[in-house]
Amino acid sequence: MNDRPYHHGDLRRAVLVAALDVIATDGPAGLSLRDLARRAGVSHAAPAHHFRDRTGLLTAIAAEGHALLAAELTEATDLRDAGARYVRFAREHPAHFQVMFSPELLRADDLELTTARALSAAALTGAVTTGAVTTGAPAGDGPDARLARIAVWSLAHGFATLLLGHNLDGLLDGEDPEAVLRALPMMLMPPA
C-alpha cells in the first residue's frame, strides 16, 4: 500500500516545476508522471488528477510558455527589441521553449493552449506592426505583414534554437546573445 498522501499545497505547480526541471536536463522524453509524483512526494496517481496524462502535462507547459512569451513580447518597443526579448525568453525558459514548438507532444485543440498561442501570436504581430512604424517594414494585415511576421519569427526562433543547442558558442565569443540578435536585422537589411 502506498502511504504517500494525495493532498499537496499546490500539486499542479509542483508537478509543473518538476517537469520543467526534467525537460531542461533530459528533454521531454525523460518525463514520467510516476517519477514526477515521486519528486512531489505524492501518490503516483495524483498528477493525473490535474493533467490526465503526459500529453496533458506537456500541453499545460506549452500553454504556460506561450502566455509567458506573450507577456515578454508585449513589452517590446520595436522589432529588434522583440527579437531580443524572444531570445531572452528562450534562454530563461528553455524547457517551455522546447515543448511549445513540438506540436506532436501536445493536444492541439486544448483551449488553454489555443488561447495562449493566440496571445503570443498577437504579441508578435503587435511587435511587427510597431516595428513597421519605426523601420518602414510592411504593416497591416496584408501578405507583406504576414511575411514580415514570418521573417521576424524565423530569425528570432532560429537564433534562439541555435543558441540553446550551443551551436553559437564559438561564434558569439562571449558576446551578449540579445545584443547580437539586435544587430542582425541591420546586417541583413541595411538602411537604403
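The values are calculated or read from the model by the stated rules, or taken from the named source; none is laboratory data. As the structure is a prediction and not an experimental result, all values here were calculated from the model. So basically every Cβ, Gly included, is an ideal-geometry build from the backbone, and we count neighbours across all protein chains shown. These accessible areas exclude ligands, DNA and RNA; they are computed on the full protein's heavy atoms, side chains included. Shrake-Rupley method; radii C 1.70, N 1.55, O 1.52, S 1.80 Å.
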Exercise. Could you order Arg107, Arg52, Arg39 by accessible surface area, starting with the largest, using a probe radius of 1.4 Å?
Key: Arg52, Arg39, Arg107
Quiz item: Hey, if we sort Glu104, Glu64, Glu92 by accessible area with the 1.4 Å probe, largest down, what's the order?
Solution: Glu104, Glu92, Glu64
Quiz item: Distance in nm between label sites at Leu111 and Arg38, each 7 Å beyond Cα in the beta-carbon direction?
Solution: 3.6 nm
Quiz item: Which value, in Å², gives the accessible area per residue of region 1-107 when a 1.4 Å probe is used on the protein heavy atoms?
Solution: 47 Å²
Quiz item: In region 72-117, what percent of the accessible surface is made up of carbon and sulfur (1.4 Å probe, ligands and nucleic acids excluded)?
Solution: 48 percent
